[in-house]
Amino acid sequence: MAKKQKAVATGKKSLAAHRISIKNFMGIDELEFNPSKITLIKGRNAAGKSSIVKAIKSVVEGGHDATLIREGAKEAQIGIVLENGTRIEKRITRERSNVDVDYAGVFDDEPPMAYVNKLSSRLAVWPLRFIDEPKKRLEWVLESIGGTPTEDVLHEITRAISAVSDEIPERMRSLPVLTLLDKLEKPIYDRRTELNREAKQKRSTIEQLFEQLPDQKVDIDELREDLELEKESGRELVQLRDDDIKVITDAAGEKIVELERQITELQSRIMRTRNRRDELIKAKQDEYRTRIQESAVKVRELESKLESAARTNNTLDIANKMVAEAEAVEDSARRHNQAIDSLRFVKKRVLDAIPIPGVTIDEGDIYKDGIPFDNLNRQAQLEIVLHIAVMNAGSLGLVCLDGFEALDEASREHVFDWIGALDREDIKFIFTQVADQDLNIEDLA
């Protein structure tokens, strides 16, 4: 086994993987190899084939998993040396995992995992998950083909959302273009849904309010004037009644005083006078009672009309205000809809340029030559999977395919032919295959 050496700059500018070393990782004691165009790893079950792929995957994906440490060891180590001499090393202990990068004199301020994330992605080192996880296929395709948006695309997207947003948040400008479009569209779509619902509710309320309203506003001032006049008329009638009763009472009182001096002889006259007085009072009371009651009824009617008119006019004011609000909400909804249409136009233009021959996306499903992905034969599916893996291999340039023996011979040959026709010298493929032999690493190309 070769002794591990410190990475040094080789003078090459390539960031592709040059050498891989693994120690105390799962079933591997210690191993080091240089990946070639096609590296085939053979061996019996549990010989360590999948451990090699999982070690590469552990570096690319990051995270911590202490169960990956070989039994009896204190820590596991995975190292990847790039063509330019940069060395990436991951150490896994029981408590934590750390990734360190010896940048070989460049990018010395780059955080280690940020640097690794720029080199590759999990789909390159675990591509068969594209077949096994159908619900995430579209998301992975969109991430793979989008790429970081150019300034022209950012400008176009900014114009697309200008009706509802001033600019693209700075933290989102480096996202893959399709991921960016989806993240921008979702809040706009949700807001448009809210606006449409709000506008619909306002329109429904407005219709109900207008159904309760008269054809025109009630004249509040005229009603108030009629009410005050009627109240004044009632007060005058009460005063007239009181004045008339006082006149009667005063006149009768004078006679009573006169007659009381002659109580003995005028007793009968006093009685008649009193009776007459009572009759006159009752007559006056009866006379004014009806008129006062009629005035009170009119007062109540006018008060009721005034209250009703106030409610009506207030309702009309609310309805008119809601009309303006509804129009504003509907206008905002139209602008959100325009932004969504513009974003979807940009997305369609990006999707129309999918760099996989024959592959299209329609209604969220992936097709090749018009056939849904799940209905394709194994070879056609593998072509798409390998395309996706190559697109995600990044500068690291590693594509891993574990369980190569699961493919029939024709499919394996098809994969080799496809790789042979691939015009990408920077991509290196690592395959694992079960065989009745000890762990062995072969360079096939």
Exactly one of (1) assigned by TED's automatic domain parsing to the domain that holds Ser411; (2) touching a residue at least 60 places away in the same chain (Cβ under 8 Å); (3) loosely packed, with under 14 Cβ neighbours inside 10 Å is unmet by Pro134. Its number? (1)
Where residues in region 40-73 are over 40 Å from the mean Cα position of the chain (by Cα) and free of Cβ contacts under 8 Å to residues at least 40 places away in the same chain, which of them is nearest to Pro127 (Cα to Cα)? Ala46
Could you please let me know if Asn98 is modelled with pLDDT under 95 and in contact with a strand residue (DSSP E or B) (Cβ under 6 Å, 6 or more places away or on another chain)? yes
Residue check for Arg87: within 17 Å of Ser21 (Cβ to Cβ) and of a type in the set (Lys, Arg): yes
Subset of region 161-189 [under 20 Å from Leu138 (Cα atoms), among the aliphatic types (A, V, I, L, M) and assigned to a loop (DSSP other than H, G, I, E, B)]: Leu175
So if I check each of Glu194, Glu254, Glu185, Glu258, which one is within 30 Å of Arg334 (Cβ to Cβ), at pLDDT below 90 and among the charged types (D, E, K, R)? Glu185
Test: Val116 is at pLDDT 85 or above, crowded, with 17+ Cβ neighbours inside 10 Å and touching a His at 6+ places or on another chain (Cβ under 7 Å): no
Are there any strands (runs of 3 or more DSSP E) wholly within region 1-63 with 3 or more residues that are at pLDDT below 95, among the β-branched types (Val, Ile, Thr) and in contact with a strand residue (DSSP E or B) (Cβ under 6 Å, 6 or more places away or on another chain), and if so which? 38-43
Going by what's in this entry, would Glu303 be described as in contact (Cβ under 8 Å) with a residue 60 or more places away in the chain, among the charged types (D, E, K, R), surrounded by 13 or more Cβ atoms within 10 Å (Cβ to Cβ) and out of contact with any Gly (no Cβ under 7 Å at 6 or more places or on another chain)? yes
Please note which strands (runs of 3 or more DSSP E) are completely contained in region 358-445 and include at least 1 residues that are without any contact (Cβ under 8 Å) to a residue 40 or more places away in the chain and surrounded by 13 or more Cβ atoms within 10 Å (Cβ to Cβ). 359-362, 365-368
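The values are calculated or read from the model by the stated rules, or taken from the named source; none is laboratory data. Nothing here was measured: the structure is a model prediction, and the numbers come from that model. No Cβ is skipped: glycine too gets one built from the backbone with ideal geometry, and neighbour counts run over all protein chains shown.
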